[in-house]
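Okay, so here's the structure we're looking at.
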């Protein structure tokens with residue numbers, strides 16, 4: 001009985017410390033990308049659900065082709081409410097080795113650890129090729145795990161979409 005109580009105390013301590021960590025979801029997006037556009041409702045639903053649970057969200061537009069006017073139109077047309085900004089110098093994209101838009105990164109700011117990186121879901125299986133509906137909700141599942149104090153079962157997936165243009169940055173303009 002004493003061993004069980006000790007194990008329970010250790011579990012609660014670990015779970016409590018993990019769940020109190022600062023978690024941010026970085027979403028790499030492109031306003032002109034059809035896949036980003038089609039995943040906007042899912043992004044909105046995830047943001048609405050998990051922002052209430054102290055998960056931070058930021059949408060990043062790393063390609064210089066995404067000008068503020070286009071980003072604003074994208075946000076308005078698809079009702080994107082999460083905070084967005086550009087990443088023209090690709091500093092955040094490079095930090096996470098993001099190459100495809102959209103890519104989701106669930107990052108534990110406290111531990112400086114990527115909990116999940118990859119596709120939002122499996123709606124698209126190739127660029128321009130989609131299923132009728134997604135069957136795997138990678139980002140939602142990863143966030144559910146993190147909130148429950150456990151590491152996500154799936155840590156990474158291959159995102160499908162447009163490329164981040166690393167030759168395109170403010171230094172070249």
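Expressed as an acute angle from 0 to 90° and rounded to the nearest 10, what is the orientation of the C-alpha long axis of helix 138-147 relative to the principal long axis of the chain? That works out to roughly 40 degrees. For the pair residue 32 and residue 133, a Förster radius of 22 Å applied to the C-beta separation gives a FRET efficiency near 0.35, rounded to the nearest 0.05. Computed from the Cβ-Cβ distance with R0 of 35 Å, the FRET efficiency linking residue 153 to residue 65 stands at 0.50. Using 0.36 nm per residue and subtracting the Cα-Cα separation, the extra length available between residue 165 and residue 122 on full extension is 13.2 nm. The helix-based estimate of mean residue ellipticity at 222 nm for the chain, built from -39,500 (n - 2.57) per DSSP H run of four or more residues and divided by its residue count, is -11000 deg cm²/dmol to the nearest 500.
Going highest first, how would you order 159-165, 94-100, 117-123 by mean Cβ packing within 10 Å? Spell out each step's value before the answer.
Numbers: 159-165: 19.0, 94-100: 15.7, 117-123: 21.7.
Ranked by mean Cβ neighbours within 10 Å, highest first: 117-123, 159-165, 94-100.
To the nearest ten degrees, helix 34-51 and the longest principal axis of the Cα atoms of the chain are 30 degrees apart. Across the chain, counting alpha-carbon atoms alone, Rg and Dmax equal 17.5, 68 Å.
Among 134, 151, 66, the residue with the largest mean-square fluctuation in a Gaussian network model of the chain, with springs joining Cα atoms closer than 10 Å, is 134.
Computed from the coordinates by the stated procedures, all read-outs in this text should not be read as laboratory data. Computed from a predicted structure; not experimentally measured. Quick reminder, even Gly has a Cβ in these numbers, built from the backbone with ideal geometry, and neighbours come from all protein chains shown.
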